[in-house]
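> I am attaching a structure below and will ask some questions about it afterwards.
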Amino acid sequence: MLSPGMYHLSAKLKVNQKQIRLISNEQVILQTKKWITDIVIGCNFCPFAGKVVKQDTVHYKVEAATTVQECLQSFIKTCILMDEDEEAETALIIFPNAFEPFDDYLDLVSFAESLLKKEGYDGIYQVAGFHPQYRFAGAPVSDAANYTNRSVYPMLHILREESIDKALEKYPDSDQIPGRNINFAREKGVVYMKMLRDACFG
């Protein structure tokens with residue numbers, strides 16, 4: 001259940017209906033899968049991603065809604081789906097029509113994290129964020145390192161905490177992954193990283 005405070009958000013979170021993309025859910029998912037294959041796995045940004053993709057245990061949900069209320073409801077419904085389907089190892093909720101401004105998206109992530117705790121999912125699921133304009137705190141917009149988290153669309157990534165713990169046990173130097181990813185992206189440069197990401201649109 002969403003709290004009243006999440007229904008009445010500031011005007012800055014309202015979505016411009018003119019921004020809605022005329023694209024099928026299937027195409028959005030195909031573009032997302034290409035981003036995962038070519039960048040997340042291809043650049044080895046996440047050494048655990050290849051396994052779940054190969055096993056086809058990623059649940060993809062394209063949410064066409066444009067209000068925060070509806071998008072958070074979709075988020076919780078996806079958590080419930082994962083409760084009921086143990087084969088869904090992880091989930092990506094994709095928002096092709098909403099949260100284009102990165103600051104608005106950060107508000108969504110904050111609401112989603114609070115909702116996980118409110119609904120009793122603390123310690124069960126984690127939420128991670130990807131966005132076309134992702135920017136690390138303190139980093140300039142032009143920093144190529146931002147492309148380690150720059151996706152084709154705004155997304156919420158739901159992960160099972162138990163699975164994260166098991167994966168980390170087999171990857172002792174996991175704390176070095178973020179730094180390695182940043183170094184890789186900066187070595188390649190912003191032009192290359194942007195070209196790689198934009199090529200996912202086909």
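The values are calculated or read from the model by the stated rules, or taken from the named source; none is laboratory data. Since this is a predicted model, take the numbers as computed values, not measurements. A quick note on method: Cβ atoms are made from the backbone with ideal geometry, for glycine too, and the neighbour counts reach across all protein chains shown.
> Give just the number: which of (1) buried (at least 18 other Cβ atoms within 10 Å of the Cβ); (2) closer than 27 Å to residue 88 by Cβ; (3) without any contact (Cβ under 8 Å) to a residue 40 or more places away in the chain; (4) not acidic (Asp, Glu) does residue 155 not satisfy?
So the condition that residue 155 fails would be (3).
For (1) in contact with a His (Cβ under 6 Å, 6 or more places away or on another chain); (2) within 15 Å of residue 40 (Cα to Cα); (3) modelled with pLDDT of 95 or more, each residue gets a yes or a no:
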residue	(1), (2), (3)
124	no, no, yes
129	no, yes, yes
152	no, yes, yes
161	no, no, yes
167	no, no, no
176	no, no, no
193	no, yes, yes
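> Note down all Cβ pairs under 6 Å where the first residue falls in the range 9-38 and is under 23 Å from residue 193 (Cβ atoms), the second is modelled with pLDDT of 95 or more and among the small types (Gly, Ala, Ser), and they're at least six residues apart or on different chains.
Filtered contacts from the range 9-38: 35/151.
> Just to be sure before I move on: is residue 123 surrounded by fewer than 19 Cβ atoms within 10 Å (Cβ to Cβ), in a loop (DSSP other than H, G, I, E, B) and out of contact with any Asp or Glu (no Cβ under 7 Å at 6 or more places or on another chain) in the structure I sent?
Working: surrounded by fewer than 19 Cβ atoms within 10 Å (Cβ to Cβ): yes; in a loop (DSSP other than H, G, I, E, B): yes; out of contact with any Asp or Glu (no Cβ under 7 Å at 6 or more places or on another chain): no.
So residue 123 does not fit the description; no.
> Quick check on residue 186: is it surrounded by 15 or more Cβ atoms within 10 Å (Cβ to Cβ), charged (D, E, K, R) and modelled with pLDDT of 95 or more? First the steps, then the outcome.
Numbers: surrounded by 15 or more Cβ atoms within 10 Å (Cβ to Cβ): yes; charged (D, E, K, R): yes; modelled with pLDDT of 95 or more: yes.
Yes: the conditions hold for residue 186.
> Identify, please: which residue in the range 108-127 is touching a residue at least 12 places away in the same chain (Cβ under 8 Å) and acidic (Asp, Glu) and is, among those, farthest from residue 98 (Cα to Cα)? Outline the logic, then answer.
Applying the first criterion (touching a residue at least 12 places away in the same chain (Cβ under 8 Å)) to the range 108-127 yields 108-109, 111-113, 115-116, 118-119, 121, 123-127.
Now drop any that are not acidic (Asp, Glu), which leaves 113, 119.
Details: 113: 18, 119: 24 Å.
Only one residue tops the list, namely 119.
> Does residue 31 meet the test of being modelled with pLDDT of 95 or more and not charged (D, E, K, R)?
Numbers: modelled with pLDDT of 95 or more: yes; not charged (D, E, K, R): yes.
Yes: the conditions hold for residue 31.
> Same structure again: Residue by residue through the range 146-202, note down the ones that are in a helix (DSSP H, G or I) and either within 21 Å of residue 99 (Cα to Cα) or among the aromatic types (Phe, Trp, Tyr) (or both).
Correct list: 146, 147, 148, 184, 192, 194, 197, 198, 200, 201.
> Which one is nearest to residue 95 (Cα to Cα), of the residues in the range 158-171 that are charged (D, E, K, R) and surrounded by 13 or more Cβ atoms within 10 Å (Cβ to Cβ)? Full working, then the answer.
Let us first name the residues in the range 158-171 that are charged (D, E, K, R), namely 160-162, 165-166, 169-170.
Now drop any that are not surrounded by 13 or more Cβ atoms within 10 Å (Cβ to Cβ), which leaves 160-161.
On the way: 160: 21, 161: 23 Å.
By that ranking, first place goes to 160.
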